[in-house]
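Colleague: Sharing a structure here in structure tokens format.
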Amino acid sequence: MASAAFTPSLSRAVTKRPPLATPPSCHCPPPEVSAAAPTGRRALLTAATRAAVAAAAAIHVCPSPDGQTAAGLGLRRAAAAALPASPANGADVDSAAAAAAAAAARVAADCRPYLDALGASTPRGGRPPLAFRGASPPAATTTTTTTPAGGGAPAAGDGGLPPGMRRVHPAPDLLDEATYGAAGAAFFGRLDRALTAAGARVTPSVGHILTGDAAAAAAWGTPVTVWPVGPVGYVWWAGPGGVDVYAAGDEAFGERPGGGVAPSEAAVTAAFAADVAAAKGPPVVGERLADALAAGREVLFAADGGWWEVPPDVGAAVARQLWGEGGG
């Protein structure tokens, strides 16, 4: 999907789709994306887990109630909310706001293709949604920041970035049994062959999964916002069963009644692709990224430079800095 160049801040000049005749509700999925009840691991999340990440999830669904507030003030409010009350916290707020501005500048510089795709698929006047994952293991970190041992004001890390922001580039693991189990590995192996046969750039053997649902990301660890670095490709499924890329039972796709399978590898791959399309809808390749995230869908993606992981509160401040309080 061709997209216009991204220009950060309120003067952003991203070409986006014309506004809808009837803007979608804050609590409904965007047009042409089927709503479906959560399945698989989503259904196992506790109410407490969902409550813990509700604030982070809400930031990308509904516009700010004070849409006329300047982005800089929004950064200060986010910083103030993250700090304990103290007479010294005025300077702490300024420091946190400066760190969030530095984070937004780094994201704008490193993540241009992702921001272009996100902005181009967001309805005019809306704020692009955030993407989430569970935090990557420490071994995946390539750049990080630190917090002072004694607490207090966030310490500026590399380049003045906020604490907890780090760039990661982990190896793909969707084909590993340790990730989704043997059944999941079998599914992703078949999906890899099906997408490769279809000419897709992004496949499970080179990709990872992100989601527009912070609560779903929490099932994999502390949720963080994700900002892919460099050239990025993505694919997702818009049908009723496409909320998750993989759900328990999907490994049976491609099998035929009686326990048999199609007689050749090519036939198995074709049968598998047909079953996936029937259950999840046809793959949406390189298009409508904002639709997928706003609807809480999982997205299979691959980014040449890995991605920045940013704590949700800072990620929300970064989004306000990039897109403005009420969107572009």
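The numbers here are math on the coordinates, done by the rules we state, and not lab data. As the structure is a prediction and not an experimental result, all values here were calculated from the model.
Colleague: Given H placed on each backbone N at 1.01 Å, which residues far from Trp220 in sequence or on other chains put an amide H within less than 5 Å of it?
Modeller: Excluding prolines and chain starts, which carry no amide H, the hits are Gly134.
Colleague: Jot down the per residue volume, in cubic angstrom and as a whole number, of the convex hull over the alpha-carbon atoms of the range 211-328.
Modeller: For the range 211-328, the hull spanned by Cα atoms encloses 133 Å³ per residue.
Colleague: Moving to a separate point now. For the range 187-278, state the average projected area of the convex hull of the C-alpha atoms over all orientations, rounded to one decimal in nm².
Modeller: Answer in nm², one decimal: 7.1.
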